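To start, the structure under review is shown below, and the notes come after it.
FYI, it's all coordinate maths here, none of it is from the lab. Keep in mind that this is a model prediction, so the values were computed, not measured. A quick note on method: Cβ atoms are made from the backbone with ideal geometry, for glycine too, and the neighbour counts reach across all protein chains shown.
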Ligand code: THU
């Protein structure tokens, strides 16, 4: 079943998503293999599709000093920004599973990652679509800005 809301489309199964999104979800699942999550045991993978067809993946990286843990989305976003400067990000998919479990669990991007997506969206002047699995349905979001209402960005820092 597919339902829509402004900027959001909800799918009851992965199969219902478009081929590009499905493949990006596959890349995000693959990326969970490289999660380093000995503390939360929550394995998160993110995959980005760049404008030229390049894929960039990231997985969460934890640290004994807990505040230093880094989300999968930001690992992928910062990798793209530093390895492929100037290439626009078209879409990001994020998935998660628990240790020793294959089935996906809800992985709604945290506020910090949404803020970082927004930063790059504003910078590249084109939307970054977001695909994630939450509450037993797949969500396609048209832009990072839609995930961050009343957000703070570079425009607020100008005189
Ligand atoms: N995590 C992500 O990688 N992405 C999110 O959007 C939410 C949380 C990670 C951070 C930490 O390693 C683990 O999930 C538990 O919070």
Given a cut-off of under 8 Å on Cα pairs at least six residues apart, what relative contact order in percent is computed for the chain? 21
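With the contact rule set at Cα under 8 Å and sequence spacing of 6 or more, what percent relative contact order holds for the range 1-95? Show your work: numbers first, answer last.
Numbers: 177 pairs, mean separation 24.3, N = 95.
Relative contact order here is 26 percent.
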Most exposed first by the Cβ proxy, i.e. fewest other Cβ within 10 Å, how do 148, 1 rank? 1, 148
Which shape class applies to the range 13-59: rounded if a/c is under 1.5, otherwise prolate when a/b exceeds b/c and oblate if not, where a ≥ b ≥ c are the square roots of the Cα gyration tensor eigenvalues? oblate
Between rounded, prolate and oblate, where does the range 21-159 land on the alpha carbon gyration tensor, with a ≥ b ≥ c its root eigenvalues, rounded for a/c under 1.5, else prolate if a/b exceeds b/c? prolate
Place a point 7 Å from the Cα of residue 100 along the Cα-to-Cβ direction; which residues of the range 14-37 have their backbone N under 19 Å from it? 33-37
Nearest 500 deg cm²/dmol is fine: what mean residue ellipticity at 222 nm does the chain get from its DSSP H runs of n ≥ 4 alone, each adding -39,500 (n - 2.57), divided by its residue count? -8000 deg cm²/dmol
Could you identify which residue out of 29, 90, 41 has the top mean-square fluctuation in a GNM of the chain using Cα springs shorter than 10 Å? 41
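Do me a favour and compute the ellipsoid semi-axes for the range 63-117 from its Cα gyration tensor, root of five times each eigenvalue, largest one first, whole Å.
Over the Cα atoms of the range 63-117, the semi-axes work out to 22, 16, 11 Å.
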When 69, 141 are ranked with the fewest other C-beta atoms within 10 Å first, the list becomes 69, 141
Alpha-carbon centroid distance for the pair the range 91-128 / the range 63-81, whole angstrom: 12
Between residue 7 and residue 135, with labels modelled 7 Å along Cα→Cβ, what's the label distance in nm to one decimal, could you check? 1.6
